[in-house]
Amino acid sequence: MDASARHLRLLTETIAAVNSSLDLEEVLGLVASKVADALGADACFVYLYDDRADELVLRATYGTRVDEMTRRPRMRPGEGITGAAAAERAPVMLPEKAHLDPRFKSFPEDEYESILAVPILAREKLAGALNVRTLRQREFTDAEIELLTAIAGQVAQTIEHAKLYAEAQRRVTELEALARISEAVSESLYLEESLEAIVKTTTEALGATGAALVLEGGKIAWPEGRPGAHAVRMPLRWKRRQIGELVCDRDTPFTDDERALLASIAHHAAVALEHGRAVMRGVLAQEIHHRVKNNLQTVASLLRLQARSAHEVDPRKALDDSVNRILAIAAVHEVLTERRDDDVELDELVERLRSMLLQSLAAAKEVEADLEPISLAGSRATALALVFSELFQNALEHGGQWVRVELAQRDGDVVLAVADDGAGLDGAATGTGLSIVRALVRDELHGTLSLERNGAFRAEVVFPA
């Protein structure tokens with residue numbers, strides 16, 4: 001087979017190879033092997049141009065394995081023999097002693113006697129460079145130079161098609177990521193689930209080493225992964241106000257397109273955050289209204305119970321007792337508001353009620369308190385506050401010189417005890433105050449009340465923690 005026929009066959013096979021796949025790495029590898037084989041070269045190197053870094057990057061070889069190199073060789077246009085062909089947009093051929101040329105670069109252009117390098121141009125725009133090398137002296141003919149230039153033109157078309165394909169794939173990935181985030185935001189009523197989905201999707205869509213949402217005040221919500229060498233922080237904005245940041249880490253730099261995707265994700269995150277907060281505000285408002293209604297009903301029940309009392313009642317004292325009961329309920333709401341939680345620290349609540357009642361009754365008595373830290377749901381804390389207020393107020397009014405308050409946890413139960421050196425509740429085991437205590441302990445706390453007189457009076461309430 002003569003040279004022209006061999007060249008035509010090579011060009012035909014190269015065209016078939018570049019059209020066989022949209023996988024750029026696969027196509028470049030096929031081109032390198034076929035060119036080296038057809039031209040009888042010892043090696044073939046294919047570079048692609050990175051316009052952001054202004055560098056030629058070695059992407060495929062025949063005769064040297066790219067994946068065995070510690071890092072991909074890079075050079076700027078004009079640097080080395082191959083870089084000169086790229087910069088001049090014209091073939092460069094050195095038939096012998098290539099290493100003596102002033103443009104020579106030691107790696108990966110050493111060891112070879114001759115080099116033929118041609119630029120890869122896509123519509124006059126630099127897309128890369130292609131070269132063949134031989135270990136022995138070789139004068140490449142004009143026909144061979146034209147052939148390699150033609151092959152470089154075919155490779156240029158492949159690069160353009162592969163870029164379009166990669167761009168389409170990237171858009172699909174972006175749309176899928178945004179669709180998953182939109183679905184998570186619209187379907188989940190729980191803010192935590194939405195934020196977790198956003199962070200996980202961000203990590204997957206951008207191949208990130210880690211991501212996190214940083215809310216106002218520096219609180220980090222749903223961090224995932226680890227820090228990387230490069231980080232991007234995208235503001236979360238809602239109605240011209242920044243409400244947080246989306247932070248994404250990666251070991252490689254972020255492209256402009258990837259930053260645009262992060263900006264879109266940040267917008268969705270801001271919508272999810274405000275949507276979740278709005279839902280929580282609605283739930284919170286509903287819960288507050290429910291609690292206020294229940295507590296108003298409790299106050300009404302206490303007033304009715306007091307009005308139906310068979311005992312002679314001092315109107316002034318009845319009014320003072322009602323005020324103290326309402327203040328006890330208010331103390332629970334105050335603790336819940338300060339903590340922004342649904343649990344109440346009982347030791348804190350009891351101490352607050354103790355101080356309030358001492359001040360209200362102007363009682364000059366020795367009061368001891370031994371309070372263990374115990375948490376209780378806010379809905380049950382109201383009942384306990386009323387129980388303690390009744391027991392402690394009676395101890396202050398009818399006790400002797402001292403009062404002792406105990407709060408402890410015992411065998412899975414909460415124990416609240418009020419003891420004094422007096423006669424006890426209203427001087428007897430009956431009365432409105434005791435009726436209130438018994439009803440609350442039985443119906444709200446699902447516990448028991450015991451009264452003991454053994455040289456001193458002790459009222460003890462035990463209920464499941």
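The values are calculated or read from the model by the stated rules, or taken from the named source; none is laboratory data. Here the structure is a predicted model, which means the values were calculated and not measured. Heads up, the Cβs are rebuilt from the backbone with ideal geometry, glycines too, and the neighbour counts pull from every protein chain shown. These area figures cover heavy atoms from the full protein model, side chains too; ligands, DNA and RNA do not enter into them. Shrake-Rupley method; radii C 1.70, N 1.55, O 1.52, S 1.80 Å.
Overview of values
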quantity	calculated
Extension gain from residue 377 to residue 111, taking 0.36 nm per residue of separation minus the Cα-Cα distance	87.8 nm
Long-range amide H partners of residue 105 with built H, under 5 Å	81
Three-way shape call for the stretch 28-158 based on the alpha-carbon gyration tensor, with the a/c threshold at 1.5	rounded
Solvent-accessible heavy-atom area per residue, rounded to whole Å², over the stretch 237-278 at 1.4 Å	50 Å²
Trypsin sites (Lys or Arg not before Pro) restricted to DSSP loop in the stretch 116-147 with at most 16 other C-beta within 10 Å	123, 136
